[in-house]
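Asker: To start, I am sharing the structure in question, which I have written as structure tokens.
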Amino acid sequence: MTPTVLVVGESSGGRLAGASLEAAGTARRLAAGDGEVVGFLAGAGTGAAAAEFARYGVGRVRVVDDARFDAAPAAATAHAAAAAADAVGAKWVVLAGTTFGRDLLGRLATRWNAAAASGVTEVAGDAEGLTVRRPVFGGRATETRRLVGDRAAVALRPHAFPSPAEVPVALAIEAVGAPDIPAALFGPKRTAVETAGAGSGPGLADAAIVVSGGRGLRAPENFRLIDELAASLGAAVGASRAVTDAGWRPASLQVGQTGRAVSPQLYIAVGISGAIQHLVGMVSSRVIVAINSDASAPIFKVADYGIAGDLFEIVPALTAEVRRVRGI
Amino acid sequence: MEIVVCVKPVPESETRLRVSADGTSLDPEAVKFVLAGYDESAVEQALLLKESLPGSKVHAVSFGPAPRTEEVLRAAIALGCDQATWVEAPPGPAPDPVATGRALARPIFAMPHDLVLCGKQAGDDEAGLVAAVLGELLGVPDVGFVVDLRFDVPSGRLRFRRATEGGLELWEAPTPCVIGLQQAWNDPRTAKLPAILKSRRVAIAKVPYAPEDSSAPRSVAEKFELPPPRTGAAMIEYKTPAEAAAKLVRVLREEAKVFP
């Protein structure tokens, strides 16, 4: 018998996060056969996100329509998700391994008494449980882990799983009240959001393509070369520590050990020599391109494709070629 | 403020990784263990708060086997932590993050804890779950991916930013609270030699491991693999920048299939 799988969705402004759709697709695969997938959402105005679940084949969606969750930490949602998992008799919970999803996972696992794994890039289920693969040591190794026990919860690394195709089904919302959640969990409050500089582009962690600039750009005004290349590709902008330490770009754009780890489909490193500090944050990207004037720079050892040359000539030429090919 | 900071020994980031004989984990032989990078930031943040709030104390807690766990606790003392507690891990493979959280929660529950700081994740297993597990077990809220943590004395609340996919969020929280820290105000300090020497004589409280902490739930490592060595980039040969750009776009479209 295939089990019931709960997929916890993350939405903002009525849209389900792309990584939540990947989680929905994976939950459907794990429940293939006679299993059932149930969606879960908590917050105000989750109707549109629930409809999006149904568009991707998850018709039964349990919703806690309660605005308190919107500015509360993931801990509160974890309690509601654990209650939902119990109520629908779920054996496995799948969620997106975003910052929200990872904060949620540890709580859920403890509260719901389940084995848990974060940063998962492959997952398979059988009658005894789940087996996951996940990069460790900054992508320098991979572990295969068996989640033992009746219940398991996994957070999927964004972009590691395909976006599912649309398979519209009828939406059946089960609106329920919030379970009894300790008041202390609503103590921390988000009071504002400062969006990261670039504005319109995709977020760094969520982007399929990331273009990062480093010290080789020599001056803050030259960083627009990175912005322009990223815009032509629809990519997010990242930076090395040298750039954020110098204040050319905000610390939120730093890719690396002390910044953010990214694993896009394509990572383009421009004027970045490839200190280990930076490499651990991007080495698990699927395809890596390096553009650097120094042909012996360590970045070329981890890159799939390299161009040794003057970035001030190469990058504008590349932006022009991308625009030409994409017709923009 | 009574601050607890959780620290973990991890292999130095430049360490050459080797697979253990049974193929399920890292071979710890000849590996140099150090304080995990984000835990270093958590210690720095704890010390910065202590220095700005007179009468504060910082208590470092770690769970792991000898001798590396005792060594990172001594490193935390040398940096300026006041006390240290070591929960001794059993021999064998490292317990999973939930079991680790349980082992840490036991002594923390019994000590004063207005603020419990952890690094947001450790550079070895990269699970990043311990802060949330501790929050649930201690019965206090937790927030992860925190940067720029401050304590606002007039309101008695923590104020901080959280680095998320959507940008930087501003948060405030009451104490007690568990924080998974991404970055402190400053780069972590380094210990001075006299403090390192003195830390060797400081008494570290030992707590025996309670086997029920890892009874359930759990996960078991089955395989630990290293990727085939990267052979280095395929370098694009060109005469003009335009040719380099055209060749790169072509391989990204046709060979790597990642062109948008």
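The values are calculated or read from the model by the stated rules, or taken from the named source; none is laboratory data. No experiment lies behind these values; they were computed from the predicted model shown. Glycine gets a Cβ as well: all are built from the backbone with ideal geometry, and neighbour counts include every protein chain shown.
Asker: Inspect all residues belonging to segment B:93-109 and state whether any of them is of a type in the set (Ser, Thr, Tyr), farther than 21 Å from residue A:71 by Cα and away from chain A (no Cβ under 12 Å). Before you say what the answer is, go through the steps one by one.
Answerer: At the first step, the residues of segment B:93-109 found to be of a type in the set (Ser, Thr, Tyr) are B:100.
Now restrict to residues that are farther than 21 Å from residue A:71 by Cα: B:100.
From what's left, away from chain A (no Cβ under 12 Å): none.
No - not one qualifying residue is present in segment B:93-109.
Asker: Does segment B:74-93 hold any residues that are at negative phi and surrounded by fewer than 19 Cβ atoms within 10 Å (Cβ to Cβ), and which are they?
Answerer: Going residue by residue through segment B:74-93, those that are at negative phi are B:74-79, B:81-91, B:93.
Scanning segment B:74-93 gives B:82, B:83, B:88, B:90, B:91, B:93.
Asker: If you don't mind, another one. Restricted to segment B:90-130, and to residues that are in contact with a Ser or Thr (Cβ under 7 Å, 6 or more places away or on another chain) and of a type in the set (A, V, I, L, M, F, W, C), which residue is nearest to residue A:135 (Cα to Cα)?
Answerer: B:127
Asker: Which of the residues belonging to segment A:258-283 are in contact with a helix residue (DSSP H, G or I) (Cβ under 8 Å, 6 or more places away or on another chain), in a helix (DSSP H, G or I) and surrounded by fewer than 22 Cβ atoms within 10 Å (Cβ to Cβ)?
Answerer: A:277
Asker: Oh, and also: Please indicate, with yes or no, whether at least one residue in segment A:269-282 is under 15 Å from residue B:256 (Cα atoms) and either facing another protein chain (nearest Cβ under 8 Å) or modelled with pLDDT of 95 or more (or both).
Answerer: Kept after step one, since they are under 15 Å from residue B:256 (Cα atoms), are these residues of segment A:269-282: none.
For segment A:269-282, residues under 15 Å from residue B:256 (Cα atoms) and either facing another protein chain (nearest Cβ under 8 Å) or modelled with pLDDT of 95 or more (or both): absent.
Asker: Here is a further query. Out of all the residues in segment B:110-133, which are more than 10 Å from chain A (Cβ to nearest Cβ) and without any contact (Cβ under 8 Å) to a residue 12 or more places away in the chain?
Answerer: Correct list: B:110 only.
Asker: Out of the residues in segment A:19-58 that are touching an Asp or Glu at 6+ places or on another chain (Cβ under 6 Å) and of a type in the set (Gly, Ala, Ser), state the one that is nearest to residue A:90 (Cα to Cα).
Answerer: Only one residue fits best here, namely A:20.
Asker: Restricting to segment B:228-251, and then to whatever is of a type outside the set (Asp, Glu) and more than 7 Å from chain A (Cβ to nearest Cβ), can you tell me which residue is farthest from residue A:290 (Cα to Cα)?
Answerer: The initial filter retains those residues of segment B:228-251 that are of a type outside the set (Asp, Glu), namely B:228-236, B:238-242, B:244-251.
Imposing the further condition that a residue be more than 7 Å from chain A (Cβ to nearest Cβ) reduces the set to B:228-229, B:231, B:238-240, B:247, B:250.
Details: B:228: 20, B:229: 18, B:231: 14, B:238: 15, B:239: 18, B:240: 17, B:247: 14, B:250: 16 Å.
If we take residues in segment B:228-251 being of a type outside the set (Asp, Glu) and more than 7 Å from chain A (Cβ to nearest Cβ), then B:228 is farthest from residue A:290 (Cα to Cα).
Conditions (1) in a helix (DSSP H, G or I); (2) under 17 Å from the mean Cα position of the chain (by Cα); (3) within 18 Å of residue A:181 (Cβ to Cβ), marked per residue:
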position	(1), (2), (3)
A:2	no, no, no
A:21	yes, yes, no
A:38	no, no, no
A:57	no, no, no
A:61	no, no, no
A:64	no, no, yes
A:78	yes, no, yes
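Asker: Still on this structure, please answer the following. Let me spell it out: the conditions are (1) closer than 26 Å to residue B:120 by Cβ; (2) more than 10 Å from chain B (Cβ to nearest Cβ), and residue A:182 meets all of them except one. Which number is the exception?
Answerer: Residue A:182 satisfies all of (1) closer than 26 Å to residue B:120 by Cβ; (2) more than 10 Å from chain B (Cβ to nearest Cβ) except (2).
Asker: Let me ask you something else. Can you say whether residue A:180 is among the charged types (D, E, K, R), free of Cβ contacts under 8 Å to residues at least 12 places away in the same chain, in the same structural domain as residue A:20 (by TED's automatic domain parsing) and not in a helix (DSSP H, G or I), as far as the supplied structure shows? Before you say what the answer is, go through the steps one by one.
Answerer: Details: among the charged types (D, E, K, R): yes; free of Cβ contacts under 8 Å to residues at least 12 places away in the same chain: yes; in the same structural domain as residue A:20 (by TED's automatic domain parsing): yes; not in a helix (DSSP H, G or I): yes.
So residue A:180 fits the description; yes.
Asker: Continuing with the same structure: Exactly one of (1) more than 28 Å from residue A:281 (Cβ to Cβ); (2) among the basic types (Lys, Arg); (3) more than 19 Å from the chain's Cα centre (by Cα) is unmet by residue B:74. Its number?
Answerer: Condition not satisfied by residue B:74: (3).
Asker: Among the numbered criteria (1) farther than 30 Å from residue A:44 by Cβ; (2) more than 10 Å from chain B (Cβ to nearest Cβ); (3) part of a loop (DSSP other than H, G, I, E, B), which single criterion is violated by residue A:221?
Answerer: Among (1) farther than 30 Å from residue A:44 by Cβ; (2) more than 10 Å from chain B (Cβ to nearest Cβ); (3) part of a loop (DSSP other than H, G, I, E, B), the lone unmet condition for residue A:221 is (3).
Asker: Here is a follow-up. In segment A:245-257, which residue that is more than 27 Å from residue B:260 (Cβ to Cβ) and touching a Pro at 6+ places or on another chain (Cβ under 9 Å) is surrounded by the fewest Cβ atoms within 10 Å (Cβ to Cβ)?
Answerer: Looking only at segment A:245-257, we keep the residues that are more than 27 Å from residue B:260 (Cβ to Cβ), and these are A:245-247, A:251, A:257.
Cutting the leftovers down to touching a Pro at 6+ places or on another chain (Cβ under 9 Å) gives us A:246-247.
Values: A:246: 13, A:247: 9.
Step by step, filter segment A:245-257, then rank; the result is A:247.
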